[in-house]
Structures are given as structure tokens and as C-alpha cells.
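Coordinate-derived values only; no laboratory data. Because the structure is a prediction, the values reported are computed rather than measured. Here Cβ is always computed from backbone atoms with ideal geometry, including for glycine, and neighbour counts include all displayed protein chains.
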Amino acid sequence: MSQYDFRTTRLYVECTLNSEGVIDLDRSQAHYLINVLRLKPGDPLLVFNGRDGEWKATLAGSSRKSATLALDEQTRSQTAPSELHYLFAPLKHARLDYMVQKAVEMG
């Protein structure tokens with residue numbers, strides 16, 4: 001089992017991840033990394049997209065409104081989704097509505 005890194009910032013990206021790739025972040029992600037987290041060029045972070053696993057990346061370049069990530073290596077491969085069965089006992093009407101609401105939030 002791979003070692004999990006809970007200290008490094010993780011970021012979800014939409015694009016395909018591959019070795020030696022470069023990712024241009026959108027404006028909101030660049031703002032989050034540069035202004036909120038105050039990351040500097042060269043700082044490490046982990047990126048994932050839900051298809052290609054988790055990759056180690058570094059903040060390659062940044063300006064006030066844009067940022068670029070350089071992918072280094074894959075840290076974890078993508079795990080296959082498991083089958084989920086959600087079982088519950090019949091509840092009173094108000095509690096049943098709440099349970100359905102939370103089940104929908106889980107996906």
C-alpha cells in the first residue's frame with residue numbers, strides 16, 4: 001500500500017495527466033494557489049483528475065492571474081470504483097426525507 005502524503009496540497013484538474021506534462025491552470029485555481037495558499041514557484045503539490053491517478057507536480061510559473069504546473073511523476077495509480085450498497089431501515093417521514101437528502105449528497 002502506498003504511503004499517503006497529508007501535508008502536500010492536493011488540487012483537482014480536468015486535463016489528462018501524463019509524464020513530463022505541463023498544465024496551464026484556470027484563473028480560479030491560479031488565484032487559489034498563489035493568493036490564498038501563497039505558494040511560490042518551485043513549491044510542490046499533488047494533482048489528480050479521477051482518471052489518471054495522483055501526480056507530483058511543482059508550481060513552474062506564476063503571475064497575478066495565471067499559473068503553470070510541471071508534472072514530475074505519478075505517486076498513486078487510480079483505484080477502480082467499488083460497488084456501494086446503501087441500506088437503511090424505514091424511518092418516520094421527516095427523518096426519511098433527511099436520509100434521502102444525505103444519500104443524494106453522497107452520490
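Considering only DSSP states other than H, G, I, E and B, which trypsin sites (Lys or Arg not before Pro) in segment 14-65 qualify as loop sites with at most 16 other Cβ atoms within 10 Å? In loop regions of segment 14-65 (DSSP not H, G, I, E or B), the sparsely surrounded trypsin sites (Lys or Arg not before Pro) are Arg38, Arg51, Arg64, Lys65.
Shown here for segment 23-107: GluC sites (Glu not before Pro) in loop regions (DSSP other than H, G, I, E, B) with at most 16 other Cβ atoms within 10 Å, namely Glu83. The label-point distance for Arg51 and Thr9, in a model that sets each label 7 Å from Cα toward Cβ, rounds to 2.5 nm. Sparsely packed loop sites in segment 1-75 (the chymotrypsin sites (Phe, Trp or Tyr not before Pro) outside DSSP H, G, I, E and B with at most 12 other Cβ atoms within 10 Å) comprise Tyr4, Phe6. Its residue count N sets the reference 2.2 N^0.38 Å, and the alpha-carbon radius of gyration of the chain equals 1.44 times that reference. Label point 7 Å out from Arg27 along Cα-to-Cβ: which residues of segment 55-74 have amide N under 13 Å? Residues 64-67 fall inside that zone.
Residues whose amide H lies under 5 Å from that of Ala60, counting only those 5 or more places away or on a different chain, are Gly42, Thr68, Leu69, Ala70; hydrogens are built 1.01 Å from N in the peptide plane.
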